[in-house]
Amino acid sequence: MRSSGGVPVKIISLIIALFILLCSIVLSSGMGAVHIPPLKVISLLWQKITGWNIHIDYPESWNVILFNIRLPRVLLGTLVGMTLAIAGVVFQALFRNPLADPYLIGVSSGASFGATIAIYLVWKFSWGGFNAISIAAFFGALLTMFTIYGLSRIGKRTPVTILILAGVALGSLLTAGTTFLMFTASDAYQTIHTLGWLFGSLSSARWSEVTGILPYLGIGFLFLGIFSHRLNILQLDEHQAQALGINVEQTKLILIFVTTLATAAAVSVSGIIGFVGLIVPHIVRLIWGSDHRFLLPMSGLVGAAGLILADSLARTIFAPRELPIGIVTALIGAPFFLYLLRKQKRDIM
Amino acid sequence: MIKIDKVSFSYGTRSVLHNVSLDIHKGEIVSLIGPNGAGKSTLLLIAMGLLSPQQGNIRVNNRLLKEWSSRDFAQYCAFVPQNPYLPPAFTIWESVLLGRTPYLNFLGLARKKDREIVKQALRWVEIENLLHRKVSEISGGERQRVVLARALAQEPECLFLDEPTNSLDVHHQVTLLSFIHRLAEEKQVTVFIVLHDLNLASTFSDRLILLEDGLVVLDGTPGQVMGNEKVLSVYRQSITVFNRPDEESRPAVLPVRMYDK
């Protein structure tokens, strides 16, 4: 498919991707110790949404399994995967750096440090459906982002290189703090709990978390939708972008803020899930080209479907034990990405 | 059209421009010439607001630069930088369409009119056949035309160019400048351009401005500027100027061997 493919090709691609995502949601909701066939999943969902009784036979336990356990997890995976992939697109575009991922400017180290503190101090409070670990991770991520942005500001400008370097430096400091806490813990359970969080997992998913992160993601997606064509222009250097009528500094600040807000919300409920935010944007760019008005929604759909499938595998391969989801995303994503990279043999940004 | 009034600028402690004043009129092609480090590119960037001078001010169309919004300014003036970076994965169409940015609504959706104007711009610089190619697949000369087409898609009244012919061969240099010449002639676009090559500057400009160490040394027609002895001293006697038989008002320059005598 040519990446210059016209609008219809792109719209059809989006519709197909949306369809695949919906299929993934249905399939994944049926997978697990208790298998629920896809058609029954659809019927149960239909019944729940419309309120119509469609008289099919199923064990009462399916209702609980589907609606209280699996669906929140699958939908959380959808939202997190979507957010990470979209945030990856934004940061790669903003920093014009193929290595950029959603965690580039301290989101992961800040969130990890926050979560670790909450685990070690055994904070028990909760607010708005989030537990203490999520809340600490969320504010840890945002605080780190603001600190890095503040440190990188020179006069009225925020040079990208300084932003990245400051992010790396402050990130190592926070990671050192996290590691220090893990080593000095008196309770081994706390260390295991932290490690589990650091590798990322959707196993604690509940409805309150799904609805809790929605507003932050909603704000993020709304702004990114509006700003997506400006991301195309930011691919040029700053002088060119400015000469095309873009207020570069203001655009950069808004994009960094809304993207970090959404990522922080996602990370606070899922921990650090690597790879999705780095690779999905590249995969989509390699196949369909780099128009960000298309790249953003497409990456969101691919990231969501990818993360759901990875999570299904993570919880079923060694059932009843669960693998950290980051391992699965890397195991599947890396070979596929390398294959694409070899096949295309062209510039990736 | 563009009025530069007593502008001074320095990078840190290094002073680059001293009290420069210039008036550029509508439809004029004005070339900034001078040795490396004379402040040509800096003056160009200041004239279009990409750098702020420490002293002095600039008016474009009788309005102070700071009174222009970046969007309005981009509808009025376009910029062709030196060796511009274009994302290699963009198609030529996508790259030129970026020139419509200052006209698009907040969602950035191109309308039929925008697409028409982009087509015209591509036709104007004769690259409509490259439409579907990627930036990574075209030559340096074609890339400069893409950037010029993008500038044209902005429908500008004035055009700023910073050494646009760098790294092009003579044929491509002449083609690019001929497009620009035609623009000034047919569309009355004001052109303010930094050129290294004195022959190109002499051939294509209505007016030359010779800068040396941040000062305007000469300002006049190609004949007046190139015919003046000061050109030789600014270039440290490395050139000789003579009248070309085909166009007497546009003198030509050749290099001379130094340290021979």
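The helices (runs of 4 or more DSSP H) located wholly in region A:197-277 that include 1 or more residues which are within 11 Å of another protein chain (Cβ to nearest Cβ) and farther than 30 Å from B:Leu161 by Cα occupy A:207-234. Within region B:75-90, residues that are over 22 Å from B:Ser136 (Cα atoms) have Cβ atoms under 7 Å from residues that are of a type in the set (Gly, Ala, Ser) in these pairs: B:Ala78/A:Ala243; B:Ala78/B:Ala151, counting only partners at least 6 apart in sequence or on another chain. If I filter region A:280-290 down to residues being surrounded by 24 or more Cβ atoms within 10 Å (Cβ to Cβ) and not basic (Lys, Arg), which single residue comes out as farthest from the other protein chains (Cβ to nearest Cβ)? In this case the residue turns out to be A:Val280. The set of residues in region A:28-41 being more than 26 Å from the chain's Cα centre (by Cα) and crowded, with 16+ Cβ neighbours inside 10 Å consists of A:Ile36, A:Lys40.
Scanning region A:23-34 for residues that are modelled with pLDDT of 85 or more and not small (Gly, Ala, Ser) yields A:Cys23, A:Ile25, A:Val26, A:Leu27, A:Met31. The residue that is surrounded by the most Cβ atoms within 10 Å (Cβ to Cβ), among those in region B:195-222 that are β-branched (Val, Ile, Thr) and within 23 Å of B:Glu248 (Cα to Cα), is B:Ile209.
From the list A:Arg285, A:Arg315, which one is assigned to a helix (DSSP H, G or I), among the basic types (Lys, Arg) and over 20 Å from A:Ser13 (Cα atoms)? That would be A:Arg315, the only listed residue that is assigned to a helix (DSSP H, G or I), among the basic types (Lys, Arg) and over 20 Å from A:Ser13 (Cα atoms). Scanning region B:74-86 for residues that are facing another protein chain (nearest Cβ under 9 Å), of a type in the set (Phe, Trp, Tyr), within 22 Å of B:Glu157 (Cα to Cα) and out of contact with any His (no Cβ under 9 Å at 6 or more places or on another chain) yields a count of 0. Checking every residue in region B:192-200 against the condition of being within 14 Å of chain A (Cβ to nearest Cβ), farther than 18 Å from B:Leu22 by Cα and touching a residue at least 60 places away in the same chain (Cβ under 8 Å) gives zero matches. When we screen B:Arg244, B:Arg236, B:Arg250 for residues that are at positive phi and either surrounded by fewer than 18 Cβ atoms within 10 Å (Cβ to Cβ) or in contact with a helix residue (DSSP H, G or I) (Cβ under 7 Å, 6 or more places away or on another chain) (or both), the only hit is B:Arg236.
Hey, among the residues in region B:126-146 that are polar (S, T, N, Q) and free of Cβ contacts under 8 Å to residues at least 60 places away in the same chain, which one's farthest from B:Phe179 (Cα to Cα)? Only one residue fits best here, namely B:Ser136. If you check B:Leu45, B:Leu22 for being within 14 Å of chain A (Cβ to nearest Cβ), in contact with a Leu (Cβ under 9 Å, 6 or more places away or on another chain) and either of a type outside the set (D, E, K, R) or not in a loop (DSSP other than H, G, I, E, B) (or both), only one passes: B:Leu45.
Within region B:25-41, does at least one residue satisfy the condition of being among the basic types (Lys, Arg), assigned to a loop (DSSP other than H, G, I, E, B) and either within 12 Å of another protein chain (Cβ to nearest Cβ) or touching a residue at least 60 places away in the same chain (Cβ under 8 Å) (or both)? So far as region B:25-41 goes, yes, one or more of its residues are among the basic types (Lys, Arg), assigned to a loop (DSSP other than H, G, I, E, B) and either within 12 Å of another protein chain (Cβ to nearest Cβ) or touching a residue at least 60 places away in the same chain (Cβ under 8 Å) (or both). Candidates are the residues of region B:48-59 that are assigned to a loop (DSSP other than H, G, I, E, B) and loosely packed, with under 15 Cβ neighbours inside 10 Å; the one that is farthest from the other protein chains (Cβ to nearest Cβ) is B:Gln54. The single residue among B:Ala89, B:Ala153, B:Ala121 that is within 13 Å of another protein chain (Cβ to nearest Cβ), within 21 Å of A:Asp291 (Cα to Cα) and within 20 Å of the chain's Cα centre (by Cα) turns out to be B:Ala153. Checked against (1) surrounded by fewer than 15 Cβ atoms within 10 Å (Cβ to Cβ); (2) under 20 Å from the mean Cα position of the chain (by Cα); (3) of a type in the set (Lys, Arg), A:Arg206 meets all criteria but (1). Quick check on my filter: what residues within region B:92-118 are away from chain A (no Cβ under 11 Å) and among the hydrophobic types (A, V, I, L, M, F, W, C)? Passing the criteria: B:Val96, B:Ile117, B:Val118.
The values are calculated or read from the model by the stated rules, or taken from the named source; none is laboratory data. None of these values were measured; they are calculated from a predicted model. A quick note on method: Cβ atoms are made from the backbone with ideal geometry, for glycine too, and the neighbour counts reach across all protein chains shown.
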